[in-house]
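These notes concern the structure reproduced below.
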Amino acid sequence: AKAAGGSAFVSFRAQMQEGLVERLELENDLRAALENHDLRLHYQPTVDLDTSEVVGFEALVRWPHPTRGMINPLDFIPIAEATGMIVPLGRWVLHEACRQAVEWSAAAGGRPLKMSVNVSVRQFDQPDFAETVAAVLAETGMPADRLCLEMTESVLMTDTEANLEQLVRLKALGLTLAIDDFGTGYSSLAYLRRFPVDTLKIDRSFVERLGGVLTGDTALTDTIVRLGKSLGMATVAEGIEEFGQLAALREMGCGFAQGYYFSRPVPAAEAGRLFLEGADT
Ligand code: C2E
Ligand code: CA
Ligand code: CA
Ligand code: CA
């Protein structure tokens, strides 16, 4: 029993070391990918629920790894955040998404396209973040009012003067701000009035329960949509997979939606076609 315990311990240590080595490897690979411009953006359409038109996209970063295949953002964004790489990575995402939006919009005869970009706390906390965003807008020619920055409640909820000032500086550029995964944080709703937020993105966990038979399951989503309306905010539902969910959200008066029901996040070429097709009809 003693020997078995010993070897179990050794193998546990070996495993831990393996984990560390793997993480270091991944970190180095990510740094190289960023430098060599090997990261890609996929785009998921946002649909206007009144007109069923594609009005824009959310940019979602992808990492095609040379040996491991496509790596999910949830597996490398945390590494980028822990190492600070998220700052240059995030700037690249912002630049590429804006550049692409300008190109597609021009190809569609100037039809406006709203582009949403996810922003990490680490980026938002950079004192020069607003200047960075302003520089990217200038570099790409992206009209500020077509850019939406998505941040989670944890960013917005930290009710400090510094945070509020940062948000005011961003708003002053003329862009829109969205709360991502709304309803999953520990929000006191007071911050919604205090902070200059334009859009609530209703988390997929709420949408999942829509279209079923239990009426109680729709109550929370309905409340969020009403809350958004009463505060003059746009509401975007994420993770629509079924027609029943779409119907329920329309009924509630939710403004916009995203989800596999309409389209998965797709590579740039395909997203561009989706947008152009939408312009024809
Ligand atoms: P998120 O911002 O909440 O993005 C929505 C996620 O849900 C995306 O996963 C998307 O592919 C997925 N999704 C969309 N529609 C559906 C649906 O109908 N059903 C299901 N089951 N899933 C759906 P993805 O692309 O793997 O991204 C995961 C998370 O990684 C994002 O969550 C976001 O927090 C983060 N992320 C992605 N790109 C970036 C980025 O450029 N910067 C930062 N800071 N974070 C990013
Ligand atoms: Ca998002
Ligand atoms: Ca989200
Ligand atoms: Ca989410």
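Odds and ends about this structure:
- Solvent-accessible heavy-atom area per residue, rounded to whole Å², over region 88-219 at 1.4 Å: 44
- Choice from Ala268, Ala178, Ala138 with maximal GNM fluctuation in the chain (Cα, 10 Å cutoff): Ala138
- Karplus-derived 3J(HN,Hα) values for region 190-196, using 6.51 cos²θ - 1.76 cosθ + 1.60 with θ = phi - 60°, are 4, 5, 4, 7, 6, 9, x Hz; glycine and proline are entered as x.
- Once backbone amide H atoms are built at 1.01 Å from N, Ser116 has Phe57, Glu58, Ala59, Cys148 as its partners under 5 Å, excluding neighbours fewer than 5 places away on the same chain.
- Accessible surface computed residue by residue for region 25-86, with neighbouring protein chains in place and a 1.4 Å probe, gives 47 Å² per residue.
- Within the accessible area of region 72-166, the carbon and sulfur atoms contribute 57%, probe 1.4 Å, all protein chains present.
- In sequence order, region 22-27 has phi-based couplings of 4, 5, 5, 4, 4, 4 Hz under the Karplus curve 6.51 cos²θ - 1.76 cosθ + 1.60, θ = phi - 60°, and Gly or Pro positions carry x.
- Annotation: amide H-H contacts under 5 Å for Leu39 (H modelled 1.01 Å from N, sequence separation of 5 or more, or interchain): none.
- Length added when fully stretched, Glu35-Arg62, from 0.36 nm per residue minus Cα-Cα: 8.2 nm
- Rounded to the nearest 10 degrees, the inclination of helix 268-280 to the longest alpha-carbon principal axis of the chain is 10 degrees.
- Total formal charge among the other residues, if their Cβ is under 13 angstrom from that of Gln123, Lys/Arg +1 and Asp/Glu -1: -3
The values are calculated or read from the model by the stated rules, or taken from the named source; none is laboratory data. These figures come from a predicted structure and were not determined experimentally. Ideal geometry is used to build each Cβ from the backbone, glycine not excepted, and the neighbour counts take in all protein chains shown. These area figures cover heavy atoms from the full protein model, side chains too; ligands, DNA and RNA do not enter into them. Shrake-Rupley method; radii C 1.70, N 1.55, O 1.52, S 1.80 Å.
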